[in-house]
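Dropping a structure here in structure tokens format, bear with me for questions.
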Ligand SMILES: Cc1ncc(COP(=O)(O)O)c(C=O)c1O
């Protein structure tokens, strides 16, 4: 093993041997080279007053070389904020400002030891880094039975983790913290589990309430007390879109420093929050360890980025940074929040109006982009009927679940949308489809 990787492992182990044990074999081997092209270039940037002939970009007239056909559409930006490589860990100012934003929006993070967020190529990449650094073949990856389908590729197919499912809702239609606890404790003999907590959840648009949040944290604590090392990951993709009286912040704060056998990791980003899906800007942040260990995990994370994508896109980091610094940012975000909330409320009013009889029930939702119908007929048949007879696209999940993204339907069209879904269900029921 490279001595630098060994040093990082020793730093973590000295602070918390359980966290050192949580690392996968790739995670243990990972490090960020101290000496090499990156460090020599950084040194030259500071000291090479005459000529800087280090890094593999081209320059002209003291600026990154660029084509006018590109720059003419981006003239608000300085070429140095677009064309140069961003550092592998991301633009330092963006990392700092995202950290401030996270603390402001998540009061329970204040006072906790957290790392500097590392910039990822959006959330999928952040999750994939978690997989690389913490999941070995056979490790349990615990998710509810309704989850984002990509988890399976990320953690099972790529890393050989074993997906362990528990029912998302309990008999009272609340978050099934007891199910999570059972799933965790079922791994007692293995001594390790990765838990993915995604609120608002894709696909049902649910965020637990404060009490349910406490029960989730208690389940993780119970598992830790039973001797299980828990990598507790919050996937906060839809953060902030809380329309009702649910938790209004990530569980990352409560999970950070919860127990010596719990490592809290926050995966979040601008994708859905800032309505910039194609920009690919996300973050990964570690919580609850000493500064030295947090820095060691940051270095392993950046080493992982260096060895996969080298660095994330610079223009989109610049765009997001500019937005976050703008005094118009909050007002514009609130305006979009109101639109999304209006749609969610409208869907709920329609579903509760009695108009659609009992052809479906819906899973509790209070947040995010989606809601999920639980149909009394085959969801795939309804999906097909909707596409072929009514020009409507939805997502069929499992046997009877139909996911509807109200995020992309204007409020004024929602009634027509659900009328069509209702018709399609009736058609399938009547055997007409
Ligand atoms: C729960 C969840 N996590 C992560 C992502 C991925 O986000 P990104 O587009 O930033 O990779 C999605 C996207 O659909 C999602 O629904």
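Hey, can you tell me all the residues within the range 167-194 that are surrounded by 13 or more Cβ atoms within 10 Å (Cβ to Cβ) and part of a loop (DSSP other than H, G, I, E, B)?
167, 168, 170, 174, 176, 186, 187, 190, 191, listed by residue number.
Moving to a separate point now. Is at least one residue of the range 211-223 at pLDDT 95 or above and not in a helix (DSSP H, G or I)?
Checked the range 211-223: no residue is at pLDDT 95 or above and not in a helix (DSSP H, G or I).
Among all residue pairs at least 6 apart or on different chains, which show Cβ distances below 9 Å where the first residue, located in the range 253-277, is under 12 Å from residue 123 (Cβ atoms) and the second is part of a loop (DSSP other than H, G, I, E, B) and more than 16 Å from the ligand (Cβ to nearest atom)?
266/106; 266/256
Please enumerate the residues belonging to the range 256-303 that are within 18 Å of residue 218 (Cα to Cα), within 16 Å of the ligand (Cβ to nearest atom) and surrounded by fewer than 21 Cβ atoms within 10 Å (Cβ to Cβ).
Once the filter is applied, which keeps residues that are within 18 Å of residue 218 (Cα to Cα), within 16 Å of the ligand (Cβ to nearest atom) and surrounded by fewer than 21 Cβ atoms within 10 Å (Cβ to Cβ), the range 256-303 yields nothing.
Then there is this: Looking only at residues in the range 411-433 that are touching a helix residue (DSSP H, G or I) at 6+ places or on another chain (Cβ under 8 Å) and touching a residue at least 60 places away in the same chain (Cβ under 8 Å), which one is farthest from residue 342 (Cα to Cα)?
425
Turning to a different aspect of this structure: Need a quick list: helices (runs of 4 or more DSSP H) entirely within the range 314-433 having at least 3 residues that are within 26 Å of the chain's Cα centre (by Cα) and surrounded by 18 or more Cβ atoms within 10 Å (Cβ to Cβ).
Hits in the range 314-433: 314-325, 329-352.
Only residues that are part of a helix (DSSP H, G or I), within 16 Å of the ligand (Cβ to nearest atom) and in contact (Cβ under 8 Å) with a residue 40 or more places away in the chain: list them for the range 132-154, please.
Correct list: 132, 151.
For every residue, the table says whether it meets (1) touching a helix residue (DSSP H, G or I) at 6+ places or on another chain (Cβ under 7 Å); (2) over 19 Å from residue 312 (Cβ atoms).
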| site | (1), (2) |
| --- | --- |
| 7 | no, yes |
| 38 | no, no |
| 42 | no, no |
| 47 | no, yes |
| 58 | no, yes |
| 68 | no, yes |
| 72 | no, yes |
| 86 | yes, no |
| 101 | yes, no |
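Identify all residues within the range 111-124 that are near the ligand (Cβ under 8 Å from one of its atoms) and over 9 Å from the mean Cα position of the chain (by Cα); write none if there are none.
Listed by number, the list holds a single entry, 121.
Something else about it: From (1) more than 16 Å from the ligand (Cβ to nearest atom); (2) free of Cβ contacts under 8 Å to residues at least 24 places away in the same chain; (3) farther than 28 Å from residue 246 by Cβ, pick out the condition that doesn't hold for residue 170.
It fails just one condition, (3).
For every residue, the table says whether it meets (1) in the same structural domain as residue 115 (by TED's automatic domain parsing); (2) out of contact with any strand residue (DSSP E or B) (no Cβ under 6 Å at 6 or more places or on another chain); (3) assigned to a helix (DSSP H, G or I).
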| residue | (1), (2), (3) |
| --- | --- |
| 39 | no, yes, yes |
| 50 | no, yes, no |
| 66 | no, yes, no |
| 76 | no, yes, no |
| 93 | yes, yes, yes |
| 96 | yes, yes, yes |
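So, one more: Every residue in the range 239-250 that is in contact with a strand residue (DSSP E or B) (Cβ under 7 Å, 6 or more places away or on another chain) and within 13 Å of residue 197 (Cβ to Cβ), please.
239, 250 - these are the residues of the range 239-250 that are in contact with a strand residue (DSSP E or B) (Cβ under 7 Å, 6 or more places away or on another chain) and within 13 Å of residue 197 (Cβ to Cβ).
Does residue 167 satisfy the criteria of being in contact with a helix residue (DSSP H, G or I) (Cβ under 9 Å, 6 or more places away or on another chain) and farther than 26 Å from residue 260 by Cα?
Spelling it out, residue 167 is indeed in contact with a helix residue (DSSP H, G or I) (Cβ under 9 Å, 6 or more places away or on another chain) and farther than 26 Å from residue 260 by Cα.
Also: From the list 227, 253, which residue is more than 16 Å from the ligand (Cβ to nearest atom), at pLDDT 95 or above, out of contact with any strand residue (DSSP E or B) (no Cβ under 7 Å at 6 or more places or on another chain) and closer than 22 Å to residue 165 by Cα?
When all the criteria are applied, what remains is 227.
The values are calculated or read from the model by the stated rules, or taken from the named source; none is laboratory data. Please read all numbers here as calculations on a predicted model, not as lab measurements. Cβ atoms come from the backbone with ideal geometry, glycine included; neighbour counts cover every protein chain shown.
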